[in-house]
Amino acid sequence: MQQYPGTQYPAGQFVQVVNAYPMQPRSTGLAITAMVLGIVSLVVWCLPLLAILLGVLAIIFGAVGFRQHKGMALTGLVCGSLHFVFWLGLLLIAGLGASAIAGAAH
């Protein structure tokens, strides 16, 4: 006789379900770090050394943390990459300008 309709086991028996592979909580620390570093690198754009360092770190953390949380890691990758390309272009333009000025002075 079933005590509860729809159950497979007779009343009074207990069934223990054991998960052979316990689930670990997913950590999004690297993805969050990438996002924060990428955004901060854009905010401190006027401090070139710090901004470039933060941009490179955002790219690294974003690439490593991409499996954890795609959205935040992608934000860090994009912000860090944009900022790195911005400063690379700015330094390239400054270098070309300086060589043009030095060439004109001779």
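The values are calculated or read from the model by the stated rules, or taken from the named source; none is laboratory data. Here the structure is a predicted model, which means the values were calculated and not measured. Neighbour counts are summed over all protein chains in view; Cβ atoms, including those assigned to glycine, are modelled from backbone coordinates with ideal geometry.
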Would you point out the residue of segment 46-83, among those that are in contact (Cβ under 8 Å) with a residue 40 or more places away in the chain and of a type in the set (A, V, I, L, M, F, W, C), that is farthest from Ser27 (Cα to Cα)?
Leu82
If you check Gly29, Gly71, Gly65, Gly55, which single one turns out to be modelled with pLDDT of 85 or more and under 26 Å from Gly89 (Cβ atoms)?
Gly55
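Each row is one residue, and each column tells you yes or no for (1) over 13 Å from Val36 (Cα atoms); (2) under 9 Å from the mean Cα position of the chain (by Cα); (3) not in a helix (DSSP H, G or I).
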| position | (1), (2), (3) |
| --- | --- |
| Gly55 | no, no, no |
| Met72 | no, yes, no |
| Gly89 | yes, no, no |
| Gly97 | yes, no, no |
Pairs, please: C-beta under 7 Å, at least 6 apart or cross-chain, first residue of a type outside the set (Phe, Trp, Tyr) and in segment 25-45, second buried (at least 24 other Cβ atoms within 10 Å of the Cβ) and modelled with pLDDT under 90?
Ser41/His83; Leu42/His83
